[in-house]
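Have a look at the structure below, then the notes.
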Number of protein chains: 2
Amino acid sequence: MDAMEFFQLSTGKWRSQRTTHHLAFKRAERGESEIEIQALSADDPKIIEICQLHEFDPRSAIGGAFVSWHGSMGWDKEDENHTGSTVFALLPDTSDGRQGTLLRERGYAEIVPVAGRYHMDDEDGLVLTTDYDTMSSIERFWFVSPSVRMRTSTLKRFGGFSTATFCTEFRIADAQGVSFNSDVADFSNLTPDQIEKVIEPTKSFSFFG
Amino acid sequence: MDAMEFFQLSTGKWRSQRTTHHLAFKRAERGESEIEIQALSADDPKIIEICQLHEFDPRSAIGGAFVSWHGSMGWDKEDENHTGSTVFALLPDTSDGRQGTLLRERGYAEIVPVAGRYHMDDEDGLVLTTDYDTMSSIERFWFVSPSVRMRTSTLKRFGGFSTATFCTEFRIADAQGVSFNSDVADFSNLTPDQIEKVIEPTKSFSFFG
């Protein structure tokens, strides 16, 4: 799978459940958002525009995506909202399209245009590395099924890790807007006893404690 | 890096910050634990014993670890505690030791002995797959620095995903028990204004919204 195929599999509408671990504060912050992703072809005006913005030759791009979202985080101030959109473009530097430069209109941590590096790992996870002036981020996205996508990201600044974030994302509609039942376990026919049993496993720890 | 080297790097005492997304309930549960990991050599009596328990030839094992922990989760009942320990053994089936069988005294979700499959991926993450009678789990562990380890795990049952868990783990002591400052950003000399700025990045979303 190349990165463009990864984005094509990502099209449609998703519900995202998010947790940020604030490492220095030893606190966790929760959030939720709805995300919509459209694939863009290499000749889309938005792709050409973002390449020009970054002074890259648009003919190097194999395509990209337009992403829009709205959501909320636990530590929001009252007037805050998380509605936004961005465009990104893929410029592979290998013939298999599995690694290269990713251009974004806005980055994870800053609202200025950023160029990062991407590669597909051997489990077909998409790994993005972005260096900013005062910080750096590593993000990894992967599918656990066609309708469940996950991601982790870590942000480094002031000489150490500041946050680690985990998102679980379910497809709620396909690219044509048709709604979709994702691969979440269906507990609707379980008895209270069975539900009690369902949440038990999380009450024992994994093999590393 | 082979899996045994991964475990050697994991020795010592760790503080773990944990979040479980209960997917069907759309809820998140927090937890914390302290974990201690000791590497075991191939000829350790504990390794020989667990191989015999699973009816594997102990000579196939390259070593393993003894792990103990105590912690708490948000949904605990009053009398619940998460103190425990386990032994696991690595039995590679390739000469580079990067994949094979992992024997555990107890699994992620059940307290019976389990045998799973492990492999090291191309980012030197350790991936474990375990099939139980009524469920299956995939776990991935990786180091973001020598003193910061992360893991994600997903649990599948009743025909779908039931939980997704994310842990951020900091080394607090090395294998000799000497305490350790992990690579967490130090905010102690920042002004309130700077701290405000530090938590800002999490208030904008990543490139997928």
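So the label point sits 7 Å from Cα along the Cα-to-Cβ vector; using that for A:PRO45, what distances do you get to the other copies, in nanometres, sorted shortest first?
For A:PRO45, the other copies' label points sit at 7.8 nm, shortest first.
Sorting B:GLU49, B:GLU139 on the 10 Å Cβ count, fewest up front, what's the list?
Result, fewest neighbours first: B:GLU49, B:GLU139.
From the cross-link list A:LYS156/B:LYS13; A:LYS13/A:LYS46; A:LYS26/B:LYS46; A:LYS156/B:LYS46, which pairs have alpha carbons spaced over 29 Å apart?
Long pairs (Cα-Cα over 29 Å): A:LYS26/B:LYS46; A:LYS156/B:LYS46.
In which sequence would A:ILE37, A:ILE48 go, from the one with the fewest C-beta neighbours within 10 Å to the one with the most?
Lowest to highest Cβ neighbour count: A:ILE48, A:ILE37.
Give me A:TRP69, B:TRP14 ranked fewest to most by other Cβ atoms within 10 Å of their Cβ, as a rough exposure proxy.
Values: A:TRP69 20, B:TRP14 25.
Listing A:TRP69, B:TRP14 from fewest to most nearby Cβ atoms yields A:TRP69, B:TRP14.
Would you tell me the mean number of C-beta atoms belonging to other protein chains that fall within 10 Å of each C-beta in B:58-68, as a whole number? Intermediate results must be reported in sequence, preceding the final value.
Details: counts 0, 0, 0, 0, 0, 0, 0, 2, 0, 5, 1.
That works out to 1 on average.
List the distances, in nm and shortest first, from the label point of A:SER85 to the matching label points in every other copy, placing each point 7 Å from Cα along the Cα-to-Cβ direction.
Result for A:SER85, in nm, nearest copy first: 5.9.
If the label for A:ASP133 sits 7 angstrom from Cα along the Cα-to-Cβ line, what are its distances to the same label in every other copy, in nm to one decimal, shortest first?
6.1
Read the figures in this text as sums done on the coordinates, not as results from a lab. What you see is a predicted model; the values in this text were computed from it and never measured. Positions of Cβ are backbone-derived with ideal geometry, glycine not excepted, and every protein chain shown enters the neighbour counts.
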